[in-house]
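To start, the structure under review is shown below, and the notes come after it.
What follows draws every value from the coordinates through simple rules; no lab data is involved. What you are looking at is a predicted structure, and each value in this text was computed from that prediction instead of being measured. Glycine gets a Cβ as well: all are built from the backbone with ideal geometry, and neighbour counts include every protein chain shown.
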Amino acid sequence: MTVAGEPTLAEVKEWLKVGDTFDDVTLSAGLQAALVHQATLLRFPTQLVVCPPDTVPTAQAYYTDDLRLAVYLRTARWLARRNSPEGLLGFADFGPAQVPVSDADIRDLESPYLIVAFA
């Protein structure tokens, strides 16, 4: 699914403040995974597309600033996770520090757009 204005690799690199020497393949894979993950969970806002006269107007999904930030955060989180396959970040005062299962900031940013399924 392609959504108008979806975050690009260059935007993510700028937000993460990484230079051109960073591994683009790894970062691109993280970005694509974040975009696909978001597309499976959310209903994107839509806007009408300007059409020529005598045609049916169409709606196009687009990225809002909060959805864009959620993609940046999820990409950064998954990049950090690649260095800790077991989910461990290191050791803190009271034992191992783990990568959290979910990110509250991402959840808050995406919550208005979640597709709710009723069983």
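Quick one: order 115, 106 by neighbouring beta-carbon count within 10 Å, fewest to most.
By the 10 Å Cβ count, ascending: 115, 106.
Would you mind getting me the FRET efficiency between residue 102 and residue 10? Use the beta-carbon distance for r and R0 = 22 Å, nearest 0.05.
Calculated transfer efficiency: 0.20.
Which FRET efficiency value, to the nearest 0.05, do you get for residue 62 and residue 119 by plugging their Cβ-Cβ distance into 1/(1 + (r/R0)^6) with R0 = 30 Å?
0.50
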